[in-house]
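Notes for the one structure printed next.
Readers should treat all values here as calculations from the given coordinates under stated rules, not as data from a laboratory. This one's a predicted model, so the numbers in the text were calculated from it and none came from an experiment. Cβ sites come from the backbone with ideal geometry, for glycine too, and all protein chains shown count toward neighbours.
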Amino acid sequence: MFQSLVNWARVKSPWILHWNTGACNACDIEVLAALTPRFDVERFGILLQGTPRHADVIVCTGPVTRQVKDRLIRVYNQTPDPKFVVAVGTCACSGGVFRGNYNVLGGIDQVIPVDAYIPGCAARPDAIIDGVVKLLAKLQGKAG
Amino acid sequence: MAEVKIPIGPQHPALEEPELFLLTVDGEEIVKAEMRIGYNHRGMEKSAEFRTFLQTLYLFERICGICSHSHTTCYILAVEEVAGLEIPERAKFIRTLVGELERIHSHLLWLGIAGHEIGFDTLFMYSWRDREFVLDILEEITGNRVNYGINTIGGVRRDIPEGKIDDYLKALDILEERCQYYAKLAFEEGTLAARLSGVHYLSKEKAIELCACGPMARASGVATDVRFEEPYLVYDQIPFNLVTYDSGDIFGRTVVRVLEVIESIKIARYCLQNMPPGEYRLEKVPKKIPEGEAFSRYEAPRGEDVHYVRSDGGENPYRAKVRAPTMQNLLATMESLKGSYIADAPIAIASMDPCFSCTDRIALVRDIRSGKESRIRFRDLSKYGKGGER
């Protein structure tokens, strides 16, 4: 009973943390654009949070650079369970054009587990919303 | 009172990108400001050496997603200079048009972020809503909202869609009206002026001394703009004004950017109305670029962008070097942070419109006197890229 209440709350108001792991800013501005009036993900209860300790979903953009790797793991560990990771953009999914560069490790899944992949260079806000809604459906499925 | 060190970043709500600012504060006042960049370093210039000139173009589009057209145009101007290609007039107009639309979108984006940093979220939502007009035009012309990919060696990839110019002009009219409203908001409404006046002051002398560029320098009264100093593309044909402001604070930077948007709308309108007919790309472009080197300057939304390209006669660039505007503005920003209040730090950092994905690089200092050869092994590069323990 209590668990179903928690799940209901989680599905209705997933709070996200936006974390640039070395992206070119294109996906970042599209993530922000998804929060603004034209696309407005707030109608799904999604709210941008400043700290990982308040977040349910980590939205990662960009390939993982060597320098950012330790921070990414730290931010992931700071996020309370259950947590979900969304990789936005081709670079976050696989490394994209930066794959093979000396300072790039590849996609987000090289470092932390990823729940949803949203490809695109840059991923359009429509695609981001679609990905997030699919993630919510997955959450609901989990809730039973 | 004891001095306290406050880290801002790498993950911080005020920063869009991972960077570390280490501020030493005495009470409320910042006495020392340090920064560590490099979290976004991806090794672009090195990987350009393994790609052809055309592939490098699309790689350089991803240096920065906000000023992507600036980087590609700057790079392509250098490549075309080496290759000795003269591109059609229509292509130049389309490049200029996309460049100015990009400036509009970038400045509106900045206005929103600045509004967000000072807790004026209404401005954030307003300006990002209006920004969508520009993104719609860009999407129709180029096919993508960001990372347009419109440049190609010898011209542009697509023509302006037929019969759409009137729609674009109409959208620009609405946008101009909105920007006039923002200008009015800045000058007449007390909130912005009260919050931003006198904050993060940069004097004209300091701006020149520390090589500030772009809106940051223009807000301190330095009349610097590559579009005037060394006109590229078709800027020598287009009438427009150079916007400067003398206050040197963040309020001045806001005013300069808002007024620049209005100028950019005029330029975009001029380009749409006076677009010459004809071809928009060269039919044949050599795959191999002859030996030579070139250096080109471009006024990106954030300031002066500089690219250097060298070819050894092959298909790949022998060296491609980028110097982005944020690199220049960082010094002035860090200098002005000293003496500001800690509560002003987020908006002060945001006021230079930072773009660290352009900035982050590895630089090796070579001691010429020692006579040692300065070669670096590939695996050492990634060691340097990691940047030690943080």
Here the Cα Rg-to-2.2 N^0.38 Å ratio for segment A:89-144 is 1.30
The value for segment A:2-143 (convex hull of the alpha-carbon atoms, volume per residue, Å³) is 90 Å³
Restricted to the protein assembly as shown, the DSSP antiparallel beta bridge percent, nearest 5, is 70 percent
Surpassing 19 Å at the alpha-carbon level, of the pairs B:K206/B:K338; B:K5/B:K32; A:K69/B:K46; B:K32/B:K206; B:K338/B:K386, are A:K69/B:K46; B:K338/B:K386
Treating only Lys and Arg (+1) and Asp and Glu (-1) as charged, each at its beta carbon, one finds that the protein assembly as shown has a dipole about its Cα centre, in Debye to the nearest 20, of 1960 debye
Note: segment B:107-245, point scatterers on Cα, Debye, no solvent; log10 I/I(0) at q = 0.13, 0.16 Å⁻¹ equals -0.82, -1.17
Per the charge dipole of segment B:44-359 (beta-carbon charges, Lys/Arg positive, Asp/Glu negative, Cα centre), the residue among B:A294, B:I104, B:I141 reaching farthest to the positive end is B:A294
Looks like segment B:40-86, by Cα gyration tensor root eigenvalues a ≥ b ≥ c and the a/c under 1.5 rounded cutoff (else prolate when a/b is bigger than b/c, oblate otherwise), is oblate
With DSSP loop assignment and no more than 13 other C-beta atoms within 10 Å, the trypsin sites (Lys or Arg not before Pro) in segment B:24-61 are none
Candidate cut points under trypsin sites (Lys or Arg not before Pro) in segment B:249-308, DSSP loop plus at most 14 other Cβ atoms within 10 Å of their own Cβ, are B:K284, B:K287, B:K288
Put in order of increasing Cβ neighbours within 10 Å, starting from the fewest, B:I174, A:I129 give B:I174, A:I129
With +1 on the Cβ of every Lys and Arg and -1 on the Cβ of every Asp and Glu, the dipole magnitude of segment B:44-359 about its Cα centre, in debye rounded to the nearest 20, is 540 debye
In terms of the alpha carbon gyration tensor, root eigenvalues a ≥ b ≥ c, rounded if a/c is under 1.5 and otherwise prolate when a/b exceeds b/c or oblate, the protein assembly as shown is rounded
Across 5 Å bins beginning at 0, the whole-percent shares of Cα-Cα pair distances in segment B:70-186 come to 2, 10, 20, 20, 15, 13, 10, 6, 3, 1, 0
Row for chain B, column shape: gyration tensor on C-alpha, a ≥ b ≥ c, rounded if a/c < 1.5 i.e. under 1.5, prolate if a/b over b/c, else oblate; value oblate
Taking every residue of B:153-161, the Cβ atoms of other protein chains inside 10 Å of its Cβ average out to 0
Asserting the computed 222 nm helical MRE of chain A (DSSP H runs at least 4 long, -39500 (n - 2.57) per run, divided by residue count, to nearest 500) equals -11500 deg cm²/dmol
When B:E229, B:E86, B:E102 are arranged by how many other beta-carbons sit within 10 Å of their Cβ, fewest first, they go B:E86, B:E229, B:E102
With +1 on the Cβ of every Lys and Arg and -1 on the Cβ of every Asp and Glu, the dipole magnitude of segment A:14-144 about its Cα centre, in debye rounded to the nearest 20, is 240 debye
Hydrophobic long helices for chain B, i.e. whole DSSP H runs reaching 20 angstrom or more by Cα along the axis with Kyte-Doolittle mean at least 0.5, come out as B:250-273
Mean other chain Cβ within 10 Å across B:32-38 is 1
